[in-house]
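Chemist: Please read through the structure below; I'll follow up with questions.
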């Protein structure tokens with residue numbers, strides 16, 4: 001499945017500010033949330049709706065609505081939690097799971113330290129969120145864990161992706177649709193995306 005890259009002047013504008021090293025923590029968090037709104041909008045284009053009856057101030061009518069309980073968003077800790085605000089603005093009743101993975105700085109391999117999902121995860125549409133898809137290791141591992149839990153309907157949302165990570169994820173999990181705001185040039189020799197924006201987690205939480 002080819003990744004879906006968003007193309008929109010507003011996203012380009014927001015990405016430029018997001019990348020700038022002078023952008024402070026507050027604005028950085030807000031931009032992550034705003035770009036996540038666009039990603040969520042795109043990823044939900046094939047969402048199934050159910051018909052309901054509502055009453056407007058004028059009359060009763062038929063309308064179509066999501067069953068928000070059918071959706072679970074799973075941030076990869078810790079940077080992925082910075083995207084939750086944008087998600088719940090769009091789908092307030094969506095369930096939230098968490099996967100904790102960190103990258104071994106020597107091997108660049110993901111190491112799992114936390115995993116907590118809502119009940120009935122195997123019957124839900126599960127959307128993994130992580131601002132950066134770099135080597136692809138954490139995303140691949142997260143998808144593998146969810147598949148082991150019986151999840152069949154998976155998507156992956158990322159703000160900035162590297163070609164190397166995209167290629168690797170597509171090879172290992174070709175059935176998972178990836179959505180990203182942009183695809184950058186390459187990874188450097190320590191596994192960071194170029195030009196990228198630095199460490200998303202540090203910039204979201206102000207830890208560097």
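The values are calculated or read from the model by the stated rules, or taken from the named source; none is laboratory data. For clarity, every value in this text was computed on a predicted model and none was experimentally measured. Glycine gets a Cβ as well: all are built from the backbone with ideal geometry, and neighbour counts include every protein chain shown.
Chemist: Select the strands (runs of 3 or more DSSP E) contained entirely in segment 64-125, then report the ones holding at least 3 residues which are more than 20 Å from residue 36 (Cα to Cα). Step through it out loud before you land on a result.
Modeler: On the way: elements: 71-77, 98-103, 110-116.
So the answer is 98-103, 110-116.
Chemist: Kindly establish whether residue 189 is free of Cβ contacts under 8 Å to residues at least 40 places away in the same chain and part of a helix (DSSP H, G or I). Show your work before the answer.
Modeler: Working: free of Cβ contacts under 8 Å to residues at least 40 places away in the same chain: yes; part of a helix (DSSP H, G or I): no.
Considered against the rule, which asks whether it is free of Cβ contacts under 8 Å to residues at least 40 places away in the same chain and part of a helix (DSSP H, G or I), residue 189 comes out as no.
Chemist: Now a separate question. Among the residues of segment 150-171, are any in a loop (DSSP other than H, G, I, E, B), at pLDDT 95 or above and under 14 Å from the mean Cα position of the chain (by Cα)?
Modeler: There is no residue in segment 150-171 that is in a loop (DSSP other than H, G, I, E, B), at pLDDT 95 or above and under 14 Å from the mean Cα position of the chain (by Cα).
Chemist: Something else about it: Regarding residue 128, is this residue in contact (Cβ under 8 Å) with a residue 60 or more places away in the chain, in contact with a helix residue (DSSP H, G or I) (Cβ under 8 Å, 6 or more places away or on another chain) and outside any helix (DSSP H, G or I)?
Modeler: On the way: in contact (Cβ under 8 Å) with a residue 60 or more places away in the chain: no; in contact with a helix residue (DSSP H, G or I) (Cβ under 8 Å, 6 or more places away or on another chain): yes; outside any helix (DSSP H, G or I): yes.
When the stated conditions are applied, residue 128 does not pass them.
Chemist: Still on this structure, please answer the following. Could you list, in sequence order, all residues of segment 86-116 that are more than 20 Å from residue 192 (Cα to Cα), surrounded by 13 or more Cβ atoms within 10 Å (Cβ to Cβ) and either out of contact with any strand residue (DSSP E or B) (no Cβ under 8 Å at 6 or more places or on another chain) or without any contact (Cβ under 8 Å) to a residue 24 or more places away in the chain (or both)?
Modeler: Within segment 86-116, 86, 88, 89, 90 qualify.
Chemist: Name the single residue, out of those in segment 169-182 being out of contact with any helix residue (DSSP H, G or I) (no Cβ under 7 Å at 6 or more places or on another chain) and more than 15 Å from residue 18 (Cβ to Cβ), that is surrounded by the fewest Cβ atoms within 10 Å (Cβ to Cβ). Outline the logic, then answer.
Modeler: Quick first cut of segment 169-182, residues out of contact with any helix residue (DSSP H, G or I) (no Cβ under 7 Å at 6 or more places or on another chain) only: 170-171, 174-175, 177, 180.
Among the residues that remain, those that are also more than 15 Å from residue 18 (Cβ to Cβ) are: 170-171, 174-175, 177.
Numbers: 170: 16, 171: 10, 174: 8, 175: 11, 177: 16.
So the residue we want is 174.
Chemist: When the residues of segment 39-49 are narrowed to those that are surrounded by 12 or more Cβ atoms within 10 Å (Cβ to Cβ) and out of contact with any helix residue (DSSP H, G or I) (no Cβ under 6 Å at 6 or more places or on another chain), which ends up farthest from residue 6 (Cα to Cα)?
Modeler: Filtering segment 39-49 down to residues surrounded by 12 or more Cβ atoms within 10 Å (Cβ to Cβ) leaves 39-44, 47.
Cutting the leftovers down to out of contact with any helix residue (DSSP H, G or I) (no Cβ under 6 Å at 6 or more places or on another chain) gives us 39, 41-44, 47.
Details: 39: 8, 41: 10, 42: 8, 43: 10, 44: 13, 47: 18 Å.
Taking the candidates together, the pick is 47.
Chemist: Same structure, new question: Would you confirm whether or not segment 5-28 contains a residue that is surrounded by fewer than 13 Cβ atoms within 10 Å (Cβ to Cβ) and in contact with a strand residue (DSSP E or B) (Cβ under 6 Å, 6 or more places away or on another chain)?
Modeler: no
Chemist: Does residue 36 qualify as being assigned to a loop (DSSP other than H, G, I, E, B) and surrounded by 13 or more Cβ atoms within 10 Å (Cβ to Cβ)?
Modeler: Details: assigned to a loop (DSSP other than H, G, I, E, B): no; surrounded by 13 or more Cβ atoms within 10 Å (Cβ to Cβ): yes.
So residue 36 does not fit the description; no.
Chemist: Please verify whether residue 143 is in contact with a helix residue (DSSP H, G or I) (Cβ under 9 Å, 6 or more places away or on another chain), surrounded by fewer than 21 Cβ atoms within 10 Å (Cβ to Cβ), outside any strand (DSSP E or B) and free of Cβ contacts under 8 Å to residues at least 60 places away in the same chain, treating the condition exactly as stated. Don't jump to the end; show me each part of the working.
Modeler: Details: in contact with a helix residue (DSSP H, G or I) (Cβ under 9 Å, 6 or more places away or on another chain): yes; surrounded by fewer than 21 Cβ atoms within 10 Å (Cβ to Cβ): no; outside any strand (DSSP E or B): yes; free of Cβ contacts under 8 Å to residues at least 60 places away in the same chain: yes.
The answer is no for residue 143.
Chemist: Could you check, for segment 183-199, whether at least one of its residues is surrounded by 18 or more Cβ atoms within 10 Å (Cβ to Cβ) and within 14 Å of the chain's Cα centre (by Cα)?
Modeler: No, segment 183-199 contains no residue that is surrounded by 18 or more Cβ atoms within 10 Å (Cβ to Cβ) and within 14 Å of the chain's Cα centre (by Cα).
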